[in-house]
Structure formats: C-alpha cells, structure tokens
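The values are calculated or read from the model by the stated rules, or taken from the named source; none is laboratory data. Everything quoted here is computed from the prediction, not taken from an experiment. When we count neighbours, we look across all protein chains shown, and the Cβ atoms used for this are built from the backbone with ideal geometry, even at glycine.
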Amino acid sequence: MPSARYYIEKLKLLSHPEGGFYKETHRCKSKVNTIAGERDASTAIYFLIEVGNFSALHRIKSDEVWHFYDGDELEIIEIDIVGNLTITLLWKNNFQHIVPAGNWFGSRVKQGGSFSLVGCTVAPGFDFNDFEMAERLKLQNKFPHHTEIIRQLTRF
C-alpha cells in the first residue's frame, strides 16, 4: 500500500487549516443562489489525514459527501444541531458518508491506522465564508455531555 508521503507528493497536497492535507480538484463553473449569496454549484477535494493529527471540529453551510479512496479506517465525528454525537467509519465496507449542512464535524484515523485518503464533495460549493472552526469552550458549554471528544478534536 502506498504511504501518506507518497500521496502528499503525488497529488501535490497542501496543508489544510483544519488539519491534514488537501487539494481542490474541481470547482463547478455553474453558480447557484443561496441564503449566504451566490456560490459555485459544487466543489471537490482530495483530503489526507495521518495518525497523530486530526481534522478539527468545524461546520459549513452545505452538505459534504465523503468518499473513501485508500489507507485505513477514518472516523468522522459529528455533533448535530441538537447535540447527538455520531461516529461513522469510512473505509472499504462503507465508501461514502454525507455530513448534513450545519453539523459540527471532524475526523481522525481510527486507532491502529496510519493514514486515510478520502475525497470530499460539497454542494453548493465550498466557500471559506461558510466555514466556522469550533471554539473549544463555546462548544463544550453548548454540549457538556461531549466535553472529552470536543477537547480531542479542537485546537483552541
């Protein structure tokens, strides 16, 4: 199996602000109108995360479809708007998962793994204006029953 370093170099992945590495592979030329304004109809990226790192909890204003490509099991951790916690394993027996718009979510390689290479498709397309990184204390105050997982998946 290729290594994380192989994919980072081969796909020319860049460091992602939420953790891990990414490369945008598609941005639809068609536009759609949303509550937040005009957006590209869809976008797609490669995303790679290694053991010892994590994709910090964040939320966006669009649905995000995750696709498994290679590596080890990836845990996608979500907290929905009413506080329900869900952990979904993305891997060879579950190739795709949809994170609904507005859910807090992050990801990490399942314990015992090395890295996960996935893809993420967002519709309407991703825009940093629609991106919010979780603040640990604010999220813990809102969802105190998830204090530990919030601590694990936030940076500030």
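Descriptive notes on the structure:
- Listing of strands (runs of 3 or more DSSP E) fully contained in region 1-47 that carry 3 or more residues being closer than 13 Å to GLY119 by Cα and more than 20 Å from the chain's Cα centre (by Cα): none
- Scanning region 115-130 for residues that are in contact with an Asp or Glu (Cβ under 6 Å, 6 or more places away or on another chain) and of a type in the set (Gly, Ala, Ser) returns SER116, GLY125.
- Entry remark, region 37-57: residues being surrounded by fewer than 18 Cβ atoms within 10 Å (Cβ to Cβ) and of a type outside the set (Val, Ile, Thr) number 5 in total.
- Subset of region 66-113 [of a type in the set (Asp, Glu) and either surrounded by fewer than 16 Cβ atoms within 10 Å (Cβ to Cβ) or not in a loop (DSSP other than H, G, I, E, B) (or both)]: ASP70, GLU75, GLU78, ASP80
- The set of residues from region 114-152 being touching a residue at least 40 places away in the same chain (Cβ under 8 Å), in contact with a helix residue (DSSP H, G or I) (Cβ under 8 Å, 6 or more places away or on another chain) and outside any strand (DSSP E or B) comprises SER114, ALA134, LEU139, PHE143, HIS146, ILE150.
- Odd one out for ALA56 among (1) assigned to a helix (DSSP H, G or I); (2) touching a residue at least 60 places away in the same chain (Cβ under 8 Å): (1)
- ASP63 fulfils the conditions (1) in contact with a Lys or Arg (Cβ under 9 Å, 6 or more places away or on another chain); (2) under 20 Å from TRP104 (Cα atoms) except for a single criterion, (1).
- Applying the set (1) farther than 22 Å from LYS12 by Cβ; (2) modelled with pLDDT of 95 or more; (3) surrounded by fewer than 20 Cβ atoms within 10 Å (Cβ to Cβ) to THR34 leaves exactly one unmet item: (2).
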